[in-house]
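Single-structure report; data block below.
The values are calculated or read from the model by the stated rules, or taken from the named source; none is laboratory data. Computed from a predicted model, the values in this text were never measured in an experiment. Using ideal geometry, Cβ is built from the backbone for each residue, glycine included, and neighbour counts are taken over all protein chains shown. Just the protein is used for accessible areas: all its heavy atoms, side chains included, with ligands, DNA and RNA removed. Shrake-Rupley method; radii C 1.70, N 1.55, O 1.52, S 1.80 Å.
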Amino acid sequence: MARYELIVRNGRVVTELGVETGDVAVSGGIIAAVGPELEGGAASGVDVAGRLVLPGVIDAHVHFNEPGRTDWEGWATGSRALAAGGGTVCLEMPLNAHPPTLDGAAFDAKRAAAEAASVVDFGLWGGITPVNIHALDELASCGVIGYKAFMSASGTDDFPLTDDDTLYRGMAHAARHGLPVAVHAENDAITHGMARRARAAGKTAMRDYLDSRPAIAELEAITRAITLAEAAGCALHIVHVSTGRGVALVAEARERGVDVTCETCPHYLWFTGEDAERIGALAKCAPPLRDEAERAMLWTQLIAGDIDFVASDHSPAPPAMKESDDVFANWGGIAGCQHLLSAVVIGGAGHGLPLPDIARLTAGAVARRFRLAGKGGLAVGNDADLVIGEMTGGDHEPVHCYYRHPANIWDDVLRGFRVVSTLRRGQWLYRDGKPAPPTPGQLLTPAG
């Protein structure tokens, strides 16, 4: 009779193929068996009594800002928050750490910081900018998950925007290494010009900021990025798409054979520009929150399968960076990694999004796109990364927020689901609503 280290029993086990009542057995940090009423013993076991058992969340877009700007978040607090939200893996962007991940030395410094403090496994994005085009091969050798470029101003002086010549050259490098390029797609000439004119006229309220970043700025940049990537033969990923029309551009390109994917974020699925005006600076992001029609279209496309996955774009900052009366002067980023899964599950329940699609959108599709071997699904042979959660009916108390700066836009709206426990490679990161003793995360690099 089989003997396991751990058996999670009597869960509603969610895979991309369906939902079945059953057990998940773990040995050596690997899923050893999945099925109903598994036979065999275990050194330890937990009866989850019909709760959901989902693949651990892979958040493809976080900014933990360490080294250099740990006071904004840091690996210890950011990864703990992600784990409390059901996350087992993050892919961390090359900014807003200082120095940004633009060469091998910066990669090594960030890896050391993550290995010292992260409780989740992690992959690291490298950057493409005009100042480091010579270092892209070096970054590939280090094991970056891909490259990130900004087609508009990034908000930090140490990560300049990428002009078209640099972006095309960077895409050619990426194609040779078989790595994807992710782009922040907004037309800088449009957004910069409109913002400059608004501020010159004394128009500095949230509505003025929203109006300064119109949908056309996103649509033009997505179109341009697709054109360049198609010519370079490069895999392209459009981050934080905020418009249904932007998703449609990606779907049309994919239909004709372009290797392009896109993500959206929970805040675009839940909030509108009117909400941003009500909430204030905590809801400032780029691209900005859109109108109700765009929000509804994103849900339609998510259900249709045109959006590849959902990522948090967790981009926190100290409170002082969100306090100016001039909204343009405030930091443009939303904290959200702990709330990612809950937002998708609760929002999905209201829009008819099936649980197997949630497993795909928050784990499976991410693992496939970035070639994360052994990650992304509750299958024998994969890492034992899983999250146990329960539908609550909306009657539970708010969950403790583990961000370094806990103010966020989510606590007042997310009711109906909670994460109970999270395991990464068979080790508890979060158990029965409380953080477990920390165990170190590991660097992930693309398979093959």
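Some notes on this structure:
- The listed residues 63, 177 rank as 177, 63 when sorted by accessible area, largest first, using a 1.4 Å probe.
- Nitroxide proxy distance, nm - points 7 Å out along Cα→Cβ at residue 165 and residue 105: 2.7
- Cut-off 11 Å (backbone N to label point 7 Å along Cα→Cβ of residue 131), residues of the range 141-180: 156-161
- Gain on full stretching of the segment that runs from residue 391 to residue 278 - 0.36 nm per residue minus C-alpha separation: 37.8 nm
- Segment residue 304..residue 196, full-extension length gain: 35.0 nm, with 0.36 nm per residue of separation and the alpha-carbon distance subtracted.
- Accessible area of the chain divided out per residue, in Å², using a probe of 1.4 angstrom: 36
- When the solvent-accessible area of the range 205-325 is split by element, carbon and sulfur atoms take up 53 percent of it, the probe being 1.4 Å.
- Among 179, 38, 161, the largest mean-square fluctuation in a Gaussian network model of the chain (Cα springs under 10 Å) belongs to 38.
- Label zone (residue 431, point 7 Å along Cα-to-C-beta; backbone nitrogen cut-off 15 Å) within the range 1-35: 5-9, 26, 29.
- Summary of the geometry: the range 239-285 and the range 166-210, compared by the centres of their Cα atoms, lie 14 Å apart.
- Whole-percent carbon and sulfur share, accessible surface of the range 67-165, 1.4 Å: 52
- Per-residue accessible area (protein heavy atoms, 1.4 Å probe) orders 154, 141 as 141, 154, starting from the largest.
- Just the protein heavy atoms count here, and of the accessible area of the range 330-448 at 1.4 Å, carbon and sulfur take up 51 percent.
- Restricting attention to the chain, lysine pairs at least eight places apart or on different chains and with alpha-carbon atoms under 23 angstrom apart total 7.
- Exposure of residue 194 as accessible area (Å², to 10), given a probe of 1.4 Å and all protein chains: 60
- Direction-averaged projected area, Cα convex hull, the range 350-448: 8.1 nm², rounded to one decimal.
- Gaussian network model of the chain, springs between alpha carbon atoms under 10 Å - residue of 148, 375, 203 with greatest fluctuation: 203
- Extended-chain gain in nm, criterion 0.36 nm per residue less alpha-carbon gap, residue 44 and residue 3: 13.7 nm
- Top of 147, 403, 168 by mean-square fluctuation, Gaussian network on the chain, Cα under 10 Å: 168
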